[in-house]
Each structure stands twice: as structure tokens, then as C-alpha cells.
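Note sheet for the following structure.
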Amino acid sequence: MNDSMIEKLVELRGIESNFIDAWGKPAQVEPASKAKLLKAMGYPVEDEQALHQKLDEDAAKAWLNPLDPVQVNRIGEPLLIALRLPIELVNDSYDIELTTEEGEVITQGIEPSSGELINVAHIQDGEFQEYILALSAEPPIGYHQVSLKAGDGEELSTMRLIIAPKACYKPDNIAKGEKMWGLSVQLYCLRSERNWGIGDFSDLSYLIRESAKQGAQFVGLNPIHALYPSNPDACSPYSPSSRRWLNTIYLDVTAIEGFESKDIQALVTSESFKQRLAEARAKDHVDYATVSSLKLEALRLVFEHYNQQYLKHNSKQNRAFKAFVKEGGESLEMLATYEALQEMLKAEGKDFWGWPVFPAEYAEYHLDAVKKFKKSHADNIKFYLFLQWQAAQQLALADKQADDNGMSIGIYRDLAVGVSEGSAEIWGNRELYATDASVGAPPDILGPLGQNWGLPPMDPLVLYRQRYQPIIDLFSSNMQSCGALRIDHVMALLRLWWVYKGDNAKQGGYVYYPVDDLLGILALESHRHQALVIGEDLGTVPEEIREKLADNGVHSYRVFFFEQAKDGGFFSPAHYPEQSMATLTTHDMPTLTGFWHCLDLELGKSLNLYPSDEVLAELYRTRHENKQQLLDTLHGHGSIPQWIGRYVDEVGMSRELNHGMQVHMAKGSSALLSLQLEDWLEMDKPVNIPGTSSEYPNWRRKLNRSLEETFSDPVIQDLSKRLTEARKQASAQ
């Protein structure tokens, strides 16, 4: 294979050859890794003739379409478009017709050769020329269409034109300098006196109402994306089936109309049901299989009642349901079909964990066998559509609680970086995903061995050819019923670490994405939904992307334990960027108690997460130094009582030290402060340990106290009061 040809293609497809690692050292991507990433993109790199043929086909596909598939401009920028035509047609006259989202039509006559010639190519024995032309129209922000029309009115090509704001939405009080705090929780972790062994949307409403009384202005959630009803133990919120739709295990069955009907009450009051429910509630870890079984059993009866009562008649409920399904379009229909199909296959007694192991006739959504399945299983598909409808309604009610209780932001949602290999999202749009690769991370502080997350990445070229519709849908759907959106691993807008299937995470490479276009779409959707945006910018992050995110109004994510100077000292939160969300810990980190007592390092050793004893010893040594620096910082700012010792060897974790850290953060300059409910409850076990799957019960650990107990505790009320007062003082500075 011609190496120069491979390197040219590597550059063309945005595969990075060199990067700076998490320790600030130059690193290189191996040539073999780059070739594998091209292979994952569909290039036959081991067959030179086939590769030439594919490159010729790709070039023809681009040049034979006069207009680009999509173009993103910022409001106020000159509107320039590229136009490609055979040389014999460039002197003809055409019309450019711009149809705005509101339906206004603006027409401009053009002559391509009067523009700036920027490129020439020979395609299929003919010469093509590409020109840049200026349009005089000044469309508003939104999604518009540009059409190229011949003199006789024939439409020759179309392009989506996206006009975006200059930056993401920011609430007025944030823009004026108000500082606020809120809680971050894993929704499934919540205990309450009424839930069914897992936190649900009614628990969320309660949490919002009670935390608002304490002065909180938002409640941050783990991703609440759709998972797998027929495979409930696939429970990671960061490995979803669809990021557009909701995890229906969070439904409060008792809140759906019809729950009080005779048949349903007969089920839920039966001794066997009550016993299983009591066991699920009592466990310290979420028993997903039992909870899912209980809920689905009851939900089917609720659906049957509701369907007979309303959905088979011309009722307002049926009209609302049909409107929801119509708005959800193919994406919603596809998810419901996938869930019904997976249920049927599971009933056959086989381990059909996802579409890669489905029978061939069901391997893709658009196959004939799937169409037949939809007709023969329409009622069950309707059931899954109904669950999504109810979930959207219950989430909207929780969001309304935030408004009713005066929260400035309210619900703050989390968008995962991708979907799992066996997801419905890939099943419905196989072309978009590079299924022979996975997203991950090179070695860094959190994952010394590198990480492979098992999430096939979107191919940036295919995303572009699909006119960015998948990413528009993602941003829009995840900004529903909330006041803020956290973009997990926001570097994905710039680049993703791809790992070829079967390779070690260290053998991957970065693939670049059209960051300016994606940020423009994010800004547009942010304004449409009036949702503030936070970007989780941890790990290996080029400084230029931090500047770009800041310019685009994306709030940075500042974790106290990572904000250290070269001498090891911790930066004061008073020096954090105002346009940021500050936090002490995250779901991928130990709790404050776990950090202080090095429980995470003990766990990591027991799970063989460290390459050697020397690496672990260095982590212990660094932790000891960090704890001393932390004590120095807290004492230096008067954030903890004087009676707490000044030498780390003499100081154990205490309530005063725990609360002192949190209040210390509240004095900072970040607009937003997020605190983990686990740290309020002084818990020691983490939610998730990066680099593990079945070795640790990730995404299962519940809180150690119920919501009712938590918010009636005078200690918690006092901490809330201190946090609110500290944030007010920070706002006044």
C-alpha cells in the first residue's frame, strides 16, 4: 500500500498523527492505528485498487452535487456558498432560492463564473469547477433551505442553511453575575418512602421541591436516556440505546391515570408482588432485573386500561398521544419497534442482547421482515410508545415543579457521549456509525491504562452528508423539560479518541469533527430551548478548545481536585472562570470521604486497575501531598474551624471538614456550583469506577438515606443555609 496515499487520506479524514497527552508530553499515533481507523471508516486500506475506486466514487459524489449538503453560518456573517458545476455550465444563469424556516422565499440571480474560482477537478472524463458566491440575503437564526434552480425553474440541488447565534443562551441573572448552587444526583440512587426500589420522576419532583426550599437553583441528573427494557442489567446511563428518548424505568407507575383500577390493584396488592417489591426497596443496590419486571408487569395492565379507556376512542388523550407519536417521527417508532422486537427474541429463550446478534432478517430497521413485524406486533409497539409518552409527561411535571418553586435553572440534564454497540440508535441508522471502532480515552490521570467505552462513534463525514440532522435531534431532545444541559466529554465536538475493535485503548487515535458547525447548532438549540450549556472539559484537552468553548458561551467544568498549580497547591475557587460550573467531585471520582481515606485506591488495587505496585505507591504519595495542600488551602481561607489539625497525618474526615470543603467552593467565582448528594450524606462508596464493568456494581449503589430523612435533617438544612449565604456573598463581590 502506498504510504503517502494513506497519510493523505489520514489528513483528509481528520485523523490526528500527533497530540499532547494528559501529562503535557508529545505523543504520536502509530501508522498501523491510523490505517485501522481508516478501515473503520469504510476504506479498504489493504487493497490499493479497491481504495482507489472508493476514493474516486467519493470524489464523484461530492463534485456531482452542485451544493454542499449543509452549511452553518453565524448571524451577521457574510453569506458565501460554494457551487460546483461542469465547466460547460458555469457561464449559464441560475437562481438561488432561499426559503426561510418561516416560509419566506428570497430569490437571487447568479452567474457562477462571476464568483471566485477556488477548485478544479476532473470527474468522469469531464472538468468541474467550484466557485464561491456571495448571497445578499440576511436570514434570521434558524434552519433554512437553499435551492439552485435552472432558468426553466428545475431544481438542480438543495442545501440546508443553518444560521446560528454567536453564543449559547445565558439566563439574565447569570449574565448579571448571580452565583448559584445546586445538587447533582444519579436519579436511580434516590431512596424514598414510596418508590419501587429505584428513584423515579416523582422522586425527582420531590427532590426539586425540597432542595428549592433550601436555596438550590438546579438539580443535575445523570443521563436519563433510553436503555434496554428487555436487558435491564445493561444499566450504564452512559451506554444507552437511544439518546433521544427516555429511560422508562424512571416512570412512577402509581402516577399514571388508571393505576387505581381493579385489575391493577389486584396485582400490586397480591402477596407475591408486595414481597418482591419490599425486597427491591430494601436492597442497597438497585436490582434492575426485579424493578424492571415489577414495573413492566404493572405498566402493561395500566396500558391495557388506558388503551381501552382513551386510546381506542376520539378522546383528548388519544389526540395528545397521536401528536406525540407524530412529532417523534421515525426515531420514536424505531425505538418502540426495537424494544418490542428485543422482547420477542428474548421470549424465544436466546441472548439477543442487541442488533449485532439478531437474526439476519431483523438486523436493520428498514428491512422487510421488520416491516412485517411492525404490522403483526402493532399493539406491543404501541405499548412502548405509550411508555415514552408517559415518561415525557412525568419529566415535564418535574420541570414544572422547578418553575413553580422559583428555581432559576431547574433540571440540568446530561447528554452522554455516545450509544452502545447494540443500541436502537445504530440499528436505525447504521450508515452513520463506525461500528468497527469504539470511543474511549488515551491514558490519563483517571484511567492510567486508557479507556474503551464500547460506544461506536459517528462518522463525521456521514454526519455532514446527513445535514447534521442526528446532532440537531440530539441537542433538541435533550433540552426538553430542563434549564441546562451538560455535554459529557464535550471534546467530542472537536475530536474523539477512536479505538479499533479488539485493540487496546492505548492504540487508538484522535478523529476530528466539525467543531465550529456543531457549536453553532448547539448555540441555536440552546436559544430555542433557553437552556444554559455546560461542557465537561476534563482529561486531555487542548487549550484552544477551551477558548473556543468559552467564546461560544459554553460553561467550563471545574473540578476542585484537578485545579492545581505546578507546585501542587490548589487554586482558590475565587480564581475560577465566572463562566463555569465548579464541583468537588464527579460520578467518576471518589466521594469526599472516599478521597480522604484513600478508599478509591484500595478499591483500585483490589480490582487490578494499576499497572504496577510502583504506580499505586506513587498515587498514595501524591494523595498524601494533595490532602496536605488541601488542609493548607482550607485553613488559609478560614473555611474550616481552627481546631481541625493542620497536619494530614493527624486529621481524619469529619463532618466539619466535609462541610468546610463545600462552603469553601461556594465562596468561589464560578457562576454555578454543583454538589453531590452523596457528600451531603457523608457516604464513602463511589457511583462508578472508570475502567471496570462487572468487577464493581457501577450505576447501582443507592443513597444511604431516603429523601424524606435527608431534607428533614437539621444538619442538612444548616449546610444548605451556609451554602446559600456563601453564594450570595460571592455574587456581591
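The values are calculated or read from the model by the stated rules, or taken from the named source; none is laboratory data. Small disclaimer: the values here were computed from a predicted structure and weren't measured. Quick reminder, even Gly has a Cβ in these numbers, built from the backbone with ideal geometry, and neighbours come from all protein chains shown.
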Note to self: Of the residues K371, K382, K375, only one is under 25 Å from S477 (Cα atoms) and assigned to a helix (DSSP H, G or I); which?
What the structure shows: K382
Notebook entry, point to check: Going by the structure shown, is Y238 under 30 Å from N429 (Cα atoms) and either touching a residue at least 12 places away in the same chain (Cβ under 8 Å) or not in a loop (DSSP other than H, G, I, E, B) (or both)?
Noted result: yes
Item checked: Cross-chain or 6+ apart pairs with Cβ under 8 Å, the stretch 54-65 first and surrounded by 15 or more Cβ atoms within 10 Å (Cβ to Cβ), then in a helix (DSSP H, G or I) -> L55/L9
Check: What helices (runs of 4 or more DSSP H) completely inside the stretch 598-716 contain at least 1 residues that are β-branched (V, I, T) and crowded, with 17+ Cβ neighbours inside 10 Å?
Finding: 613-636, 655-666, 707-711
Next item on the list: Would you point out which residue out of L227, L190 is within 26 Å of L673 (Cα to Cα) and not hydroxyl-bearing (S, T, Y)?
Entry: L190
Next item on the list: Could you tell me whether any residue of the stretch 112-120 is surrounded by 15 or more Cβ atoms within 10 Å (Cβ to Cβ), outside any helix (DSSP H, G or I) and not small (G, A, S)?
Entry: no
Check: For the stretch 456-465, which residues satisfy the criterion of being surrounded by 19 or more Cβ atoms within 10 Å (Cβ to Cβ) and in contact with a Pro (Cβ under 9 Å, 6 or more places away or on another chain)?
Finding: M458, P460, L463
Check: Would you pick out the residues in the stretch 182-203 that are assigned to a helix (DSSP H, G or I) and in contact with a strand residue (DSSP E or B) (Cβ under 7 Å, 6 or more places away or on another chain)?
Finding: L187, C189
Next item on the list: Could you list all residues from the stretch 540-572 that are under 21 Å from the mean Cα position of the chain (by Cα) and within 23 Å of M661 (Cβ to Cβ)?
Entry: H555, S556, Y557, R558, V559
Notebook entry, point to check: Of the residues that sit in the stretch 501-534 and are small (G, A, S) and touching a residue at least 40 places away in the same chain (Cβ under 8 Å), which one is surrounded by the fewest Cβ atoms within 10 Å (Cβ to Cβ)?
Noted result: A505
Next item on the list: Specify which of the listed residues (E154, E178) is surrounded by fewer than 16 Cβ atoms within 10 Å (Cβ to Cβ) and either over 22 Å from the mean Cα position of the chain (by Cα) or of a type in the set (S, T, N, Q) (or both).
Entry: E154
Next item on the list: Within the stretch 117-136, identify whether any single residue is touching a helix residue (DSSP H, G or I) at 6+ places or on another chain (Cβ under 6 Å), within 30 Å of K54 (Cα to Cα) and aliphatic (A, V, I, L, M), and answer yes or no.
Entry: yes
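To keep it simple, each residue is scored yes or no on (1) at pLDDT below 95; (2) polar (S, T, N, Q); (3) touching a Phe, Trp or Tyr at 6+ places or on another chain (Cβ under 7 Å).
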position	(1), (2), (3)
D551	no, no, no
V559	no, no, no
D567	yes, no, no
H587	yes, no, no
T591	no, yes, no
W596	no, no, no
E602	no, no, no
Notebook entry, point to check: Has the stretch 660-675 got at least one residue that is within 25 Å of S606 (Cα to Cα) and at pLDDT 95 or above?
Noted result: no
